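See structure below.
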Amino acid sequence: MILEQTLRGEIVRFGTMLYQKGLAHGSAGNLSVRLEDGSILVTPTNSSLGFLEPQRISKVSREGELLSGDPPSKEAFFHLAVYEQRPEARAVVHLHSTHSVAMSCLCHDDPADVLPPLTAYAVMRVGKLPLLPYFRPGDRKLAACVRSAAQDHRAMLLANHGPIVSGSSLAEAVFAYEELEEVAKLFFLTDGRKTSPLSAAAIAELNAVFGN
Ligand code: 13P
């Protein structure tokens, strides 16, 4: 069992790293981890991920009640919706990073999967990326959409907003998020050129070998 204090430190460390890399800006984005008893540690609302303080991080029950710390992210409810659907998930990352948000603002032919399988790591770390409809940040109507998409997806993209990515640890969720952002960047770099995405057989092989 990982101590709560250690997890608070991890949230601060990864928040700082994401902010310094420019994947989080201003006070946008939120991070959470799930504790053994089902409660979560989540970044406080309107906090900057670059300047978090371990003791001020919000602790919220699985029912959404604030147990300690500053007032939680207004999106703590969709973090809880992901945990509800994915028993193996121990961390959730939501950011407004540029290339992923740009992807979320495009019209997509197939909203069930909006990330082209350009690289093996896109398939291995992100998998299928569904686009969920737009709701204003904090709108509880998002919970139902997130809940149903989370069942089969570790990552999803909120329209005109940004991705939600889960993992079995904060490191895993952050690394998958970074992979998503990189593939979104590749998508825009190759835009207008004839690309050769991975074949269905190559994707099936990756899923068989790496268990996505
Ligand atoms: P919070 O500051 O409430 O976490 O909201 C930030 C955000 O990313 C909204 O989408």
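The values are calculated or read from the model by the stated rules, or taken from the named source; none is laboratory data. Given the structure is predicted, the values throughout are model-derived calculations rather than measurements. Methodologically, a virtual Cβ is constructed for each residue, glycine included, from the backbone with ideal geometry; neighbour enumeration extends over all protein chains shown. Surface accessibility is based on the protein's heavy atoms, side chains included, excluding ligands, DNA and RNA. Shrake-Rupley method; radii C 1.70, N 1.55, O 1.52, S 1.80 Å.
Look at the Cα gyration tensor of segment 35-108: its axes a ≥ b ≥ c give a/c of at least 1.5 with a/b at or below b/c, and that counts as oblate.
Taking 0.36 nm per residue of separation and subtracting the Cα-Cα distance, full extension of the segment from Glu65 to Asn207 would add 47.3 nm. Extending 7 Å from the Cα toward the beta-carbon at both Lys194 and Glu88 defines two label points whose distance is 3.9 nm. Look at where the Cα atoms of segment 30-87 and of segment 149-182 average out, and the two centres are 16 Å apart.
Accessible surface calculations at 1.4 Å, restricted to protein heavy atoms, place segment 54-212 at 49 Å² per residue.
For the chain, the mean residue ellipticity at 222 nm estimated from helices alone is -11000 deg cm²/dmol, where every DSSP H run of n ≥ 4 contributes -39500 (n - 2.57) and the total is divided by all residues, rounded to the nearest 500. Would you work out what percent of the accessible area of the chain, with all protein chains in place, is carbon or sulfur (probe 1.4 Å)? The nonpolar share, carbon plus sulfur, comes to 54 percent. In a simple Cβ point-charge model (Lys, Arg +1; Asp, Glu -1; nothing else charged), the chain has a dipole of about 280 debye relative to its Cα centre. Based on Cα atoms of segment 94-169, Rg over Rh with Rh as the Kirkwood radius reads 0.93. Is the chain rounded, prolate or oblate when judged by the Cα gyration tensor, a ≥ b ≥ c being the square roots of its eigenvalues, rounded requiring a/c under 1.5 and prolate requiring a/b larger than b/c? Note, shape of the chain comes out prolate. Listed by chain and number, the lysines placed with their C-alpha closer than 18 angstrom to that of Lys141 are Lys74; residues fewer than eight positions away on the same chain are left out.
For segment 52-109, the Cβ-based charge dipole about the Cα centre amounts to some 140 debye (Lys, Arg positive; Asp, Glu negative; other atoms uncharged). In a DSSP loop and with at most 10 other Cβ atoms within 10 Å, the GluC sites (Glu not before Pro) in segment 1-67 are Glu36, Glu63, Glu65.
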